[in-house]
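Heads up, the thing below is written out as structure tokens.
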Amino acid sequence: MKKIILRYGGYSALFELITFILTWLIIDITNVDHKVQGFIGYVTIISPLVFVYFGIRYFRDLVNNGSITFLKALQVGLLIVIIPTVSFAIIETVYVFIIDPKFYENIAAYDIEQYRKNLPPTQFAAKLTEIKQEMVLNKNPLYNFCGMILTIGALGTIVTLISSLLLMKKVKKETINQTMAS
């Protein structure tokens, strides 16, 4: 099981790095809208988690004789998710603190402008205070790293739950009886 977890977790982490770099280049070259950037970012985060499904399926079909319980599938999937979760947290933290240190400032400036246009002055003032507090937190690498761990971990858990439900498969008693008779 350890080899499967490392293999599929590694595939997911590598795919995550590749999609992160491609996303970064696409956004930098095309200068797409802020909302589109957010959408592309979430696709970049979620798409590598497809390897959780493949890892559970591989374990079920080739290691566990075609059957797997929900709990075993959940265990395999969650162990696979740990690797891309930590790798993305590292990638994203390096990006926002070394490669693009103004990342959160740019997001805050965009959000402030949108709120200025759409909120009444009293609500805008409250939102501005909230954004400034977030900016203080976002300047802390540990806060950023932990936030990414929680975000990717939550998404990975959802993907694992869905994959476990789709892939759970018990061995039929007839198959067991036929095997014992042989």
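Could we say that Ala154 is assigned to a helix (DSSP H, G or I), among the aliphatic types (A, V, I, L, M) and surrounded by fewer than 13 Cβ atoms within 10 Å (Cβ to Cβ) here?
Details: assigned to a helix (DSSP H, G or I): yes; among the aliphatic types (A, V, I, L, M): yes; surrounded by fewer than 13 Cβ atoms within 10 Å (Cβ to Cβ): yes.
Answer is yes for this residue.
Pull out all pairs, ordered by first then second residue, where Cβ-Cβ is under 7 Å, the residues are six or more apart or on different chains, the first lies in segment 125-137 and is without any contact (Cβ under 8 Å) to a residue 24 or more places away in the chain, and the second is in a helix (DSSP H, G or I).
From residues that are without any contact (Cβ under 8 Å) to a residue 24 or more places away in the chain, the pairs are Lys127/Tyr115; Leu128/Ile112; Ile131/Ala108; Ile131/Asp111; Ile131/Ile112; Leu137/Tyr143.
Consider Gly66 against the criteria (1) touching a residue at least 60 places away in the same chain (Cβ under 8 Å); (2) assigned to a helix (DSSP H, G or I); (3) not basic (Lys, Arg): it satisfies all of them except one. Which criterion is unmet?
Every condition holds for Gly66 apart from (2).
Quick one: what pairs do we get from segment 81-109, first residue closer than 24 Å to Ile131 by Cβ, second among the hydroxyl-bearing types (Ser, Thr, Tyr), C-beta under 9 Å, 6+ apart or different chains?
Correct list of pairs: Ala89/Thr151; Val96/Tyr104; Phe103/Tyr95.
Condition first: among the aliphatic types (A, V, I, L, M) and either surrounded by 11 or more Cβ atoms within 10 Å (Cβ to Cβ) or touching a Lys or Arg at 6+ places or on another chain (Cβ under 8 Å) (or both). Now tell me which residues in segment 127-143 satisfy that.
Of all residues in segment 127-143, those among the aliphatic types (A, V, I, L, M) come to 128, 131, 135-137, 142.
Hits for segment 127-143 are Leu128, Ile131, Met135, Leu137.
Among the residues of segment 22-45, how many are over 21 Å from Gln114 (Cα atoms) and charged (D, E, K, R)?
1
Residues checked against (1) buried (at least 19 other Cβ atoms within 10 Å of the Cβ); (2) polar (S, T, N, Q); (3) under 16 Å from the mean Cα position of the chain (by Cα); (4) modelled with pLDDT under 90:
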site	(1), (2), (3), (4)
Lys3	no, no, no, no
Thr69	no, yes, no, no
Ala73	yes, no, no, no
Thr85	yes, yes, yes, no
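Do you know which residues across segment 27-58 are charged (D, E, K, R) and either in contact (Cβ under 8 Å) with a residue 40 or more places away in the chain or not in a helix (DSSP H, G or I) (or both)?
Here is the first cut: in segment 27-58, the residues charged (D, E, K, R) are 28, 33, 35, 57.
Those that are charged (D, E, K, R) and either in contact (Cβ under 8 Å) with a residue 40 or more places away in the chain or not in a helix (DSSP H, G or I) (or both): Asp33, Arg57.
Determine whether Phe54 is under 21 Å from Lys169 (Cβ atoms) and either in contact with a helix residue (DSSP H, G or I) (Cβ under 6 Å, 6 or more places away or on another chain) or not charged (D, E, K, R) (or both). Spell out how you get there, then give the answer.
Numbers: under 21 Å from Lys169 (Cβ atoms): yes; either in contact with a helix residue (DSSP H, G or I) (Cβ under 6 Å, 6 or more places away or on another chain) or not charged (D, E, K, R) (or both): yes.
Judged against the criteria, Phe54 is a match.
Just checking, which of Asp61, Asp33 is out of contact with any Cys (no Cβ under 7 Å at 6 or more places or on another chain) and either modelled with pLDDT under 90 or closer than 15 Å to Ile82 by Cα (or both)?
Asp33
The values are calculated or read from the model by the stated rules, or taken from the named source; none is laboratory data. Keep in mind the model is a prediction, meaning the values are calculated, not measured. Cβ coordinates were reconstructed from backbone atoms using ideal geometry, including for glycine residues, and neighbour counts include every protein chain displayed.
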